[in-house]
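Throughout, read-outs are computed from the coordinates displayed, never taken from laboratory work. Since the structure is predicted, the reported quantities are computational estimates derived from the model, not experimental observations. Counting neighbours? That spans all protein chains shown, and the Cβs are built from the backbone with ideal geometry, glycine included.
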Amino acid sequence: MGTREPPKGISARFTKTMDARVKDMKLRAYRPSDCAEIAGLFYHTVHTVNAGDYTDAQLNAWATGQVDLDAWNRSFLAHESVVAVEDGVIVGFGDMDRTGYLDRLYVHAAHQRRGIATAICDRLERAVPGTITTHASITARPFFERRGYRVVRQQQVERRGVLLTNFVMEKKRA
């Protein structure tokens, strides 16, 4: 399970050597200038963190490296979108729409299990009242279960002709 370089055109800033501890991690709102860096982080995370649960064909279908940056930017601007920054580098990001659908949550492979996803989720969950839903990967399912989400159903989603397993999960709040 090696790391892959992002395709041409995607920011490679995420490859900066990073400390194993969260030092000065800060959460802030998404900015349009973050989009290319986030796309690189997304590609790298899928192809490293998720590699133990999905085949190469599935990873390539999920994260092709051909992100439509304009569409992603519009989506992030329409959602509650948060980035985690450490030493000037984005180490994680997440977004949630107005209905409580947690769309994306990714943390750089070098920053896993340090509370970054928890901090991002805490912020996003406070932004929307009521039930929160997400489509969690096999890899992310235990994280969401620890946060009180329950599996509604397992499903197969098709990406570029390839089936991937994920889980519709929800967290009911008063």
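Details
- Within the listed set 137, 33, 75, the residue fluctuating most in the Gaussian network model of the chain (springs between alpha-carbon atoms under 10 angstrom) is 33.
- The trypsin sites (Lys or Arg not before Pro) found in the range 38-139 that occupy coil by DSSP, while having at most 12 further C-beta atoms within 10 Å, are 98, 113.
- For the range 23-129, the spherically averaged projection of the C-alpha convex hull amounts to 6.7 nm².
- Taken along the Cα-to-beta-carbon direction at a fixed 7 Å, the label points for residue 112 and residue 77 span 3.4 nm.
- Put a dot 7 Å past the Cα of residue 98, heading toward its Cβ, do the same for residue 159, and the two dots end up 2.8 nm apart.
- Distance between modelled label sites at residue 26 and residue 173, nm, 7 Å Cα→Cβ extension: 2.5
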